[in-house]
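To keep things clear, I will list the structure first and then write my remarks on it.
The values are calculated or read from the model by the stated rules, or taken from the named source; none is laboratory data. This is a predicted model, so every value here is computed, not measured. Using ideal geometry, Cβ is built from the backbone for each residue, glycine included, and neighbour counts are taken over all protein chains shown.
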Amino acid sequence: MTLSFTGPDSFYSVDEETWWASVDKALKGMPRQKLFASTDDDLEIAPLYARRSDTPVRDLRSGAGNWTVTQRVDLPDPDKANKQILEDLEGGADGIELVLARANAGGGIRASDLKDLDKLLGGVQLDLIRTRVNAGQGSCDAIALLSAYIEKTGTDPASVEISSAFDPFTSGARDLSASFDADAALLQTADLANAASKLESRLRSLNSDGQAWHNAGATPAQELGLVLASATAQLRLLEQTTVPPERWSDQMSLTLVADADQFGTIAKARAIRALWSCVLDGAGLPQTAVQLHMSSSYRMLTARDPWVNLLRNTVATFAAGIGGADSVCVLPHTLAVGLPDGLARRLARNTQAILLEESNLAKVIDPAAGSGAIEDRTEKLCAAAWGFFQEIEASGGLAEALHQGLVQKRIASSKSVLSRNVARRKRPITGVSEFPSLSEAPVPVLEDVSVHHCEKNVASLSELPEAGTGARTLALKAAALAGLSLPGLLDQSDLETSGPGEVRLAEPFEQLRLVADRFEDKTSKAPVVFLASLGALAQFTARATWTANAFAAGGISTVAPAEYASQDDMIAAFKDSGASLACLVSSDGIYETEAGPAAMALKGAGANHVYLAGRPGERESELKNAGVDAFLFAGCDLLELLKDAHARLAGAAGVENSDLEVRS
């Protein structure tokens, strides 16, 4: 193949042995293992991979052309939600995800009858777009209501493509309890599957969703294994329905999370198709391309400095596209702050539009094929996910694995490691735990306007057939056509809320920022730490800058360091600052002679806690005896250090810690 660019001959002729020889020279005696890393699943990542010519190009996307640009719609008011939908579709989206209130605690569209849907979908041509319905336990009611609307408007149901976003096992991910009972949810799934052919629309009634597992703390391999386990359980459910086996795969869609781990997301998307092929083969079902929907990660979003979320979303969308997703939903960058406004939604759409229309990502089949790094990651991820899936199957399936606590134990362990890495900044979060801005301006979000509740003529639950055979969904559709509100879209008694497992990675640090805000409200001054700089400017600047960023991660400001003529001048500056905490910053060489006396002097001047920026090494006892109370260094538990700092600041200011607690 003729290369389209030129360079020195050595650039093309160097082999791996020569490369490693140069690496060994640069490492200066350190082991090569320093260049290796590992994923959240402890899968090894090598520094260099050879090109792979033994792997075929995968036909990833199930259909030709672009992936579907899906926009999430969750405004409570149907009229306002309709304006969002029309703006989204006019702005380039060709798919919508209707998030009803039943699936979204504290939000979601309030729609329970045809009058509501007239408002919500007015002007929307359902036969030209793909529609995902996310209604949680109210999925039968929501699909029935939408089917009634399609019939009422005279739209050909065979031209409308609908996917249910309901996974009967996701409540198990949210509450992480062994008491989870999937039976009722599985009956709803069976009812939808049985009713699908009679509703006549192109309905995918089954969905296996990895989002809840991901948000609970699952690793990529665990997410894949759980998605396979849920999908397999739902396939078994179809044995009890009237759906012929050759159409089982057509009833299924899979949902995965795309996050800012570019190679990991590409590998995950490629892996799920290989894994699904193995499931179909094992079940003796025809090999059919599965519909893969990917959503950008909610877990990775930040409420502080949310503009960085635009970069995270761009990487996630790029990876989902390269990995072969059939549809992609980008969560607006301000979602962690509140209801996204028009600008945030437009940026979410345009992230996909640019990658599709300007970068032409969808025009190449499996662009990652042959990449040694991605092929290796895909294969290792497949093996790890399949192993976890087999373990779940050996326990009796996903429902039984949840009852036994197997899944909860694995996710809790993964979440603990993840949380520890975030706290120690081994998993840095730009704009929050790294490079935070204490002067950032708030981003605009929509007001959370409550919807006026009017009296509804509700279909009687007692008159509805039991779920399972399809009769209930069809009866709900008939009730909707008769003008009744559907009870499953009104009853909020078992609303699916965010359980203890669903936490954004940035939340622990963001909680400290809120504590800092409350401190300032109570005392009329920001929490502050004095940076006690020792030596010349060149000796303390780098460490002082790093230290200021570390304290800022908890919302704590620092008194800027200065080059002092003497220790007495530094102590005088500390007294003038009014700070109660101080942190020594300088080079290791300066610490040898000046850290101990400076710590003693700071304690004598009234500092109730003295930090030293840097690892203490063998001098830890000596420095502590001199007055250093804690050490701040890369890899320390910064989260705990900042929590302790806030407690000490509150004590020094005479503020009760309970007054600073953040209440949800």
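General remarks:
- Of the strands (runs of 3 or more DSSP E) lying entirely inside region 197-290, those containing at least 1 residues that are modelled with pLDDT of 95 or more span 206-209, 252-258.
- In the condition set (1) surrounded by fewer than 20 Cβ atoms within 10 Å (Cβ to Cβ); (2) at negative phi, GLY123 is compliant with all but (2).
- From the options ALA303, ALA348, ALA336, ALA384, residue that is farther than 25 Å from GLY107 by Cα and in contact (Cβ under 8 Å) with a residue 60 or more places away in the chain: ALA384
- Residue among VAL422, VAL407, VAL443 that is within 27 Å of LEU301 (Cβ to Cβ) and outside any helix (DSSP H, G or I): VAL443
- Qualifying positions in region 331-352 - surrounded by fewer than 17 Cβ atoms within 10 Å (Cβ to Cβ) and in a helix (DSSP H, G or I): GLY342, LEU343, ASN350
- The set of residues from region 12-41 being surrounded by 10 or more Cβ atoms within 10 Å (Cβ to Cβ) and among the acidic types (Asp, Glu) comprises GLU16, ASP24, ASP40, ASP41.
- Residue match in region 378-389 (condition: in contact with a Lys or Arg (Cβ under 6 Å, 6 or more places away or on another chain) and farther than 21 Å from TRP276 by Cα): no
- Criterion: among the small types (Gly, Ala, Ser) and touching a Phe, Trp or Tyr at 6+ places or on another chain (Cβ under 7 Å) - qualifying residue of ALA46, ALA101, ALA37: ALA46
- Of everything listed in (1) buried (at least 18 other Cβ atoms within 10 Å of the Cβ); (2) at positive phi, the single unmet condition for ASN360 is (1).
- You will find that of THR541, THR547, the residue that is in contact with a Cys (Cβ under 7 Å, 6 or more places away or on another chain) and in a helix (DSSP H, G or I) is THR547 and no other.
- Taking the conditions (1) in contact with a helix residue (DSSP H, G or I) (Cβ under 6 Å, 6 or more places away or on another chain); (2) farther than 30 Å from GLU640 by Cβ in turn, LEU406 satisfies each one other than (1).
- Against the criterion of being assigned to a helix (DSSP H, G or I), surrounded by 21 or more Cβ atoms within 10 Å (Cβ to Cβ) and of a type in the set (A, V, I, L, M, F, W, C), LEU355 qualifies.
- The requirement of being among the charged types (D, E, K, R), under 18 Å from LEU226 (Cα atoms) and under 23 Å from the mean Cα position of the chain (by Cα) is fulfilled somewhere in region 365-382, by at least one residue.
- Region 86-113 - residue that is touching a helix residue (DSSP H, G or I) at 6+ places or on another chain (Cβ under 9 Å) and surrounded by fewer than 22 Cβ atoms within 10 Å (Cβ to Cβ) and, of those, farthest from PRO157 (Cα to Cα): GLY107
- Wholly within region 570-664, helices (runs of 4 or more DSSP H) carrying at least 3 residues that are farther than 25 Å from ASP521 by Cα and of a type outside the set (D, E, K, R): 588-604, 620-626
- Filter result for the condition that a residue is charged (D, E, K, R) and either surrounded by 15 or more Cβ atoms within 10 Å (Cβ to Cβ) or in contact with a strand residue (DSSP E or B) (Cβ under 9 Å, 6 or more places away or on another chain) (or both), over ARG420, ARG424: ARG424
- Annotation note: of ALA401, ALA368, ALA412, the sole residue that is assigned by TED's automatic domain parsing to the domain that holds ALA267, part of a helix (DSSP H, G or I) and buried (at least 19 other Cβ atoms within 10 Å of the Cβ) is ALA401.
- Counting the residues of region 45-74 that are farther than 29 Å from VAL99 by Cβ and in contact (Cβ under 8 Å) with a residue 12 or more places away in the chain gives 14.
- Number of residues in region 307-330 that are among the hydrophobic types (A, V, I, L, M, F, W, C) and assigned to a loop (DSSP other than H, G, I, E, B) equals 3.
- Positions within region 29-62 being in contact with a strand residue (DSSP E or B) (Cβ under 9 Å, 6 or more places away or on another chain) and either in a strand (DSSP E or B) or not aliphatic (A, V, I, L, M) (or both), in sequence order: PHE36, ALA37, SER38, THR39, GLU44, ILE45, PRO47, ARG61, SER62
- Residues located in region 371-392, provided they are surrounded by fewer than 18 Cβ atoms within 10 Å (Cβ to Cβ) and either over 22 Å from ALA50 (Cβ atoms) or basic (Lys, Arg) (or both): GLY387, GLN390, GLU391
- Filter result for ALA81 (more than 30 Å from GLU379 (Cα to Cα) and either hydrophobic (A, V, I, L, M, F, W, C) or surrounded by fewer than 20 Cβ atoms within 10 Å (Cβ to Cβ) (or both)): yes
- Every test in (1) among the charged types (D, E, K, R); (2) in a helix (DSSP H, G or I); (3) surrounded by 22 or more Cβ atoms within 10 Å (Cβ to Cβ) is passed by ARG304 save one, and that test is (2).
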